[in-house]
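In what follows, a structure is listed as structure tokens, so that the remarks can point back to it.
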């Protein structure tokens, strides 16, 4: 009987895109059944806010550090010190902005949403700076699967025990910690044949990588939203398939011209819309829409923040785990 061989692309899609996406859907379903639709909508919005803060305040230091995986020991140590300093500053900035947003949201008579943001933000240190601990590992797939398994397990506990939204927010925070632990325990070493550097890491390189990533996130999320409107639930799967199989996110970034005034208008418009939604309505759905706009605006803001470093080494391998 012939042996069934799974194509590498199919395996990558299953592990990198479909398993995490399926885990995410199952997690939100289990949590939603347990805590109710209003609180699950708030929690999804709170998670979007936290991801936006992370995008705006942190640099892609782990990715540029990973390019020194095969470098001399002295270069690796110097690069790791530089990356740690960048990550420490980013974590501090995240803390300040999270505190400000929690104060704002709570002051707008949405204490549950404010508390959810504060709890969900406890997952940020797992990526910044502790993600540097696994920079020499092939984290891409393992991190995603580990985060998905952690989320589903946490959602199952919430469902089985009937725990409240506070516990559900803790599960959201634990996702990246699960990804970190899984990567440290199971991921193999990073392939040294990939893009590598023999010189020490520089701030300019990290800033350039961050600017490229931010523009890619903007273009990809816009296309994913369009797919969702046109194709419904299938649109999300189609977008993820394009990203996993054809590097849709990187190709979109390269196709869209780098236009600073355009990005400024885009970011300001979305930030204004987010502020309008959160000020004019206290409904959970309005908070979710505001959070979605704010997350996109944060990616645009990150691109603008590091714009002067962009356009460098555009043809580098832009592997990412986001």
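The values are calculated or read from the model by the stated rules, or taken from the named source; none is laboratory data. Computed from a predicted model, the values in this text were never measured in an experiment. So basically every Cβ, Gly included, is an ideal-geometry build from the backbone, and we count neighbours across all protein chains shown.
If the condition is being over 13 Å from residue 132 (Cβ atoms) and buried (at least 24 other Cβ atoms within 10 Å of the Cβ), then segment 60-74 contributes no residue at all.
Just one of the numbered conditions (1) over 17 Å from the mean Cα position of the chain (by Cα); (2) farther than 16 Å from residue 178 by Cβ is not true of residue 60: (1). For residue 88, are the conditions met, namely being under 29 Å from residue 43 (Cβ atoms), exposed (fewer than 15 other Cβ atoms within 10 Å of the Cβ), within 22 Å of the chain's Cα centre (by Cα) and in contact (Cβ under 8 Å) with a residue 24 or more places away in the chain? The answer is yes for residue 88. Candidates 83, 14, 99: the one that is without any contact (Cβ under 8 Å) to a residue 24 or more places away in the chain, assigned to a helix (DSSP H, G or I) and farther than 30 Å from residue 283 by Cα is 14.
Of the residues making up segment 272-288, those that are surrounded by fewer than 18 Cβ atoms within 10 Å (Cβ to Cβ) and within 23 Å of residue 217 (Cβ to Cβ) are 272, 273, 275, 276.
Of the set (1) part of a helix (DSSP H, G or I); (2) in contact (Cβ under 8 Å) with a residue 12 or more places away in the chain; (3) closer than 27 Å to residue 151 by Cβ, all apply to residue 59 but (1). Screening the candidates 120, 78, 99 for the property of being farther than 23 Å from residue 306 by Cβ and surrounded by fewer than 18 Cβ atoms within 10 Å (Cβ to Cβ) yields one hit, 99. Just to be sure, is residue 78 at pLDDT 95 or above, assigned to a helix (DSSP H, G or I) and closer than 29 Å to residue 153 by Cα? Spelling it out, it is not the case that residue 78 is at pLDDT 95 or above, assigned to a helix (DSSP H, G or I) and closer than 29 Å to residue 153 by Cα.
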